[in-house]
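Bear in mind these aren't lab numbers, they're just calculated from the coordinates by the rules spelled out. Keep in mind that this is a model prediction, so the values were computed, not measured. Neighbour counts are summed over all protein chains in view; Cβ atoms, including those assigned to glycine, are modelled from backbone coordinates with ideal geometry.
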Amino acid sequence: MPHVTVGVDGSAESAAAVEWAAGEAVLRKAALRLVLVADSPEPPRGGTDQGDSVDGVLTGTAHALRAGHPGLEVRADRLLGRPPAVLAREAAEAELVVLGSRGLGSIRGFLLGSVAMATIVETDRPVVLVRPERGPRPEREAQREPLVADRPRSGRRRETADEIGPVVVGVDVREACEPVLDFAFGEADLRGCRLAAVHSWSLPPFERDAPALEMALREMRPDVVAELGKVLAPWRQRNPSVDVDELTPVGGASEQLVHAAEGAALVVVGRRVRTSRVGAHIGPVTHAVIHHCDSPVAVVAHD
């Protein structure tokens, strides 16, 4: 049976990741596998209660999930080894792996930011990073409004007041990344929500006065819009039920993508499967989104 794997460590970040992963597993009609990675075969001693032990956290989390999600198949495993390597190995057999972002757990902090980042670069499977809910953000709708779509929306549209946020995907028209777009369209389809495809661009540096900027926008934007539309066209055809907003804001890619991600159900970014002399890396835009976006972020590997 297909399954979603989630890292558990007893932190608030891990708890948020577990709840998100459970919802994803339900959407996918998949099982949920809880994985707690320990570097010692024995639970840590001297804890104040059972909840602070490795086995206590794992069994308690599994029990709460089964109670809160009847019908969801939940499996729980405590594994030994280096957390990034073990999580990457487990991710290879899962549809995706979910980790808490910036987790510093009560059990030696197994899901530290460095562990999550190392896991991302050690696996080719999609990795979703989830932060704890930081409370309501009423300004989100107002902030998202200026990002006007450049093409009419198509497909189904949820017009109710409680509409869920969109799936947001960053698009580089110079190198269309099929795995990234496949994943983003699939996630939007699962949720029945709209997909916001964001491609940012920059004006020539010499265009600074207002009339020149306005003229440059009028002259250059149609070409940018056309490029983005061309990249997305095959996925629109394959996924006619997905409602797509094509956004072409002017500005830095990282800043504009983080801005567009306010209130998103999920943000999808890519990373190249490559290494350099200093090791694997994820790219500056993806790095910025991971660190500055409050919404869940999916990192999808591509060639």
Please turn the phi angles of the range 290-295 into ³J(HN,Hα) values with the Karplus equation 6.51 cos²θ - 1.76 cosθ + 1.60 (θ = phi - 60°), one per residue in order, whole Hz, x for glycine and proline.
4, 8, 10, 9, 7, 6
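For an R0 of 30 angstrom, estimate the FRET efficiency from the Cβ-Cβ distance between Glu73 and Asp182 and round to the nearest 0.05. Could the numbers behind the result be given before it?
Values: r = 25 Å, r/R0 = 0.85.
Efficiency at R0 = 30 Å is approximately 0.75.
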Run the quick spin-label model on Ala12 and Leu80: label points 7 Å from Cα toward the beta carbon, then report their separation in nm to one decimal.
3.4 nm
Give me, ordered by chain and number, the residues 5 or more places off Ser11 or on other chains with an amide H under 5 Å from its own placed amide H.
Ser106
Efficiency of FRET between Arg272 and Ala92 - r from beta-carbon atoms, R0 22 angstrom, step 0.05:
0.75
What distance in nm separates the simple spin-label points at Ala226 and His287, each placed 7 Å from Cα in the Cβ direction?
3.6 nm
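Extension gain Val250-Glu214, at 0.36 nm per residue separation less the Cα-Cα distance, in nm? If you can, show how the numbers build up before the last one.
Values: separation 36, 0.36 × 36 = 12.96 nm, distance 1.20 nm.
Here the segment from Val250 to Glu214 would lengthen by 11.8 nm.
Highest first, please rank the peptides 17-25, 212-220 by the mean number of other Cβ atoms sitting within 10 Å of their residues. Don't skip to the answer; put the middle values down first.
Details: 17-25: 23.1, 212-220: 12.7.
Per-residue mean Cβ counts within 10 Å order the peptides as 17-25, 212-220.
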Grab the beta carbon distance between Ile164 and His63, set R0 = 30 Å, and tell me the FRET efficiency rounded to 0.05.
0.60
